[in-house]
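Bear in mind these aren't lab numbers, they're just calculated from the coordinates by the rules spelled out. As the structure is a prediction and not an experimental result, all values here were calculated from the model. Quick reminder, even Gly has a Cβ in these numbers, built from the backbone with ideal geometry, and neighbours come from all protein chains shown.
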Amino acid sequence: MTRSGAFGLGAALVSVLAPVRASATPLDRPVNPDTPYHLFAGFGLGRGIRFNNPYRLRTELGSDAESLSLTAPYADVQLGALLGSARPFSHGVSLHASFALEGVPQEVLTPSYQFLYRPVPRWGVTARAGVPIVVEPDLNAGFELAAGGLFFATAGVAVSASLVGSLFYGAATLDTPRTAIPIVSAELAVIYDFEGFL
C-alpha cells in the first residue's frame, strides 16, 4: 500500500464511521451480556526514536553509531477483536499495519495480543504485545510492547495516545556480528468500536 493509500484508508475510515457513531446510543448505555466479542478499527500517526544507529540512518541526533536518530513518521491502521463483554477487563487480538510516510518505503505488520482495562466509561488503559514483521524494504521480525490511554468521546469512539517499544535485529557491521536496534515511538489514534464499547 502506498503512503497516499494509507492516508486515504484512514480518511475513509473516519468519514464513514463518525456519522454512524453520531446517532449511536449514549456513552453510559448498559453492557449487553450476550455479546461475546467486540470488533474495533482505528487509524493513527506516529514517530519514533532509535536508540542505536549502526547504519548511519537519516535524522541523526548524535555523532556516532550509538547516537539517537528519528524514524520516519508513519501511519498506522489497526483492526482487532476483544473477547468478553464484562467491564472493566477484556482481552483479545489485534493487527496493526504501519506505513512510512517519507524516506525509504517501509511496511510493517504486527499481530498482537491486546488487553484493555476500562474502570470508568470515559477512560481506559490498553496494552499489547506483538511481533512486528517488516515486509519492506527487507523482510525482518522483532518484538514489540505498547501501552497507552484511551478517552471515549462516545460509547464507541475513542482517542488514544500510546508509547510503543520495539526491538529489531539487523545485519552485521564492522563492530558487531549482529545489530540490535531498539525503538520507542509515540502514537496518536482514533479508534472505533463496532459494538458500542470496547
Task: Ala161 paired with Tyr113, simple spin-label distance in nm, labels 7 Å along Cα-to-beta-carbon - done: 2.9 nm
TODO: Taking amide H positions as placed in the peptide plane 1.01 Å from N, state which residues far from Asn52 in sequence (5 or more) or on other chains have amide H under 5 Å from it.
DONE: Ser69
Task: Additional length obtainable on full extension of the chain from Ala41 to Val125, 0.36 nm per residue less Cα span - done: 28.6 nm
